[in-house]
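The values are calculated or read from the model by the stated rules, or taken from the named source; none is laboratory data. These numbers were taken from a predicted model, which means no experiment stands behind them. We place every Cβ from the backbone using ideal geometry, glycine too, and count neighbours over all the protein chains shown. To get the accessible areas, we keep the full protein, side chains included, count just its heavy atoms, and leave off ligands, DNA and RNA. Shrake-Rupley method; radii C 1.70, N 1.55, O 1.52, S 1.80 Å.
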Amino acid sequence: MTERNVLAPTPAPSAATPARPARRVHYAWVVAGVSLLVLLGSAGFRSTPSLMMDALHNEFGWSLGTVSSATSVNLTLYGLTAPFAAALMDRFGVRLVVVCALLTISVGSGLTMLMREPWQLVLCWGVLVGLGSGSMAGAFATTITGRWFRARQGLVTGVLTAAGAAGNLIFLPVGAWLVEHHGWRSAVVVVSLAASAVAVPVLFLMRERPADIGLLPYGATEAPPAPVADGRALARTLRVLRDAARTRAFWLLAGSFAICGATTAGLVGTHFIPAAHDHGMPVTTAASLLATIGLFDVVGTIASGWFTDRVDSRLLLIVYYGLRGLSLLLLPQLLAGSLQPPILAFVVFYGLDWVATVPPTVALCRRHFGEDAPIVFGWVLASHQIGAAVVAGLAGFARDALGNYDATWYGAGALCAIAVGLCLALRGTGRKDRPVLAVS
């Protein structure tokens, strides 16, 4: 991190004009640090509903399926907002979009304290928090790494992706303690205040592009092409979707990533705590286990970013989905009322794999779709969240109907096997894929 990376040529040093000291820290790392803080907070905000399920059931009498419906709306809008957010960042700037998103989360979570009906939970936590958090989804990290980094893209993508797990690590234990000792309203107050606080460093430290401050992207040797000004963010987002949907690679990536969402945020992220509670485990203990999954996810995702710079991304995805499916098939036999070595082993094993799929999926989007990769990844992420939303809702209703979650764990394992098949089918796909859809 000792590159000069200025756009204008610098004259050679001489006795008359002594050389300035080299820039020690490229500003790309400052932008990455602010982005990390944003994603830490965003992940923590999204994790709160899983802590509130039993509390809302006890206070209002709402079923787990009813509470899960708000989470489903949240996850759906989180995904559908992402591709449009990427285009809006190109049109209006990263800083403005992210600050507005954080304030939307703050308002949505704050209004939750006043709710009395299920539709109000859907409106506040499903719609407002979903839209806000979706604006800071994976497309945000892809935009930052694409603009500011040429070297270490896989590693930085891994670190920013791991922020989601780290956010859970911070918020879940604190949120569980607040819900248990001070009620669920105290947790949503903390979320509202934290979202507002995170907006401050974004406002003062975020910069749009390296050229704005006279730099090249980190690791670049020449200036990138000037961005094309396009005031039609909506039209561009839909055009990119139309073009991507003509390729086989897009559907394979979207399908496998939908299964990724179903087997992580949709099932484990939403239902692990109530499932463990069904076996007699205290909510605070279950929340700590889910947070520990986040701890190992930080390690696994950063490692995945490192591997993505060196190993075929398709092969990485095959390994990740295969191992995840195996762990989910074993989970029903591992849950118990107290901490036992088998469930701790699951936490470590599953945690390393949680969102390790993101860096190789981003890399494959860049490989197949070039400059449109942030928006394409936004659409692929939309499929991820739709998969998560469907399973989040179905798992809640299955629990109400069957009395346990066993069928959902086995179904998730089967889905991972399908994801392996989709990744195998990526062999031979490339940017010159022939269209698979006749879209005019």
**Asked** For the chain, what does -39500 (n - 2.57) per DSSP helix run (n ≥ 4), summed and divided by total residues, give at 222 nm, in deg cm²/dmol to the nearest 500?
**Response** -24000 deg cm²/dmol
**Request:** May I ask you to rank Trp119, Trp177, Trp148 by accessible area, largest first, using a 1.4 Å probe over the protein chains only?
**Result:** Trp119, Trp177, Trp148
**Prompt:** Mind checking which of Gly108, Gly413, Gly370 has the largest fluctuation in a GNM of the chain, springs on alpha carbons under 10 Å?
**Reply:** Gly370
**Asked** What does the highest-first list of 295-303, 356-364 look like by mean Cβ count within 10 Å?
**Response** 356-364, 295-303
**Asked** Between Ala425 and Tyr410, 0.36 nm times their residue separation minus their Cα-Cα distance comes to what?
**Response** 3.0 nm
**Request:** Can you tell me the FRET efficiency between Asn58 and Cys100 if r is taken as the Cβ-Cβ distance and R0 is 35 Å, rounded to the nearest 0.05?
**Result:** 0.50
**Prompt:** Using a basic spin-label model with each label point 7 Å from the Cα along Cα→Cβ, how many nm lie between His182 and Arg246?
**Reply:** 5.6
**Fill in**
So the FRET efficiency between Val299 and Leu330, C-beta based with R0 = 30 Å and rounded to 0.05, is 0.90
**Asked** What label, among [x] 41, 23, 20; [y] 36, 31, 19; [z] 36, 25, 21, belongs to semi-axes √(5λ) of the Cα gyration tensor in Å computed from the structure on display?
**Response** [z]
**Request:** Measure off, as a whole percent, the carbon and sulfur share of the 1.4 Å-probe accessible area of the chain, all protein chains present.
**Result:** 67
**Request:** State, to one decimal in nm, how far the label point of Ala345 lies from the label point of Val107, with both points 7 Å from Cα in the Cβ direction.
**Result:** 5.1
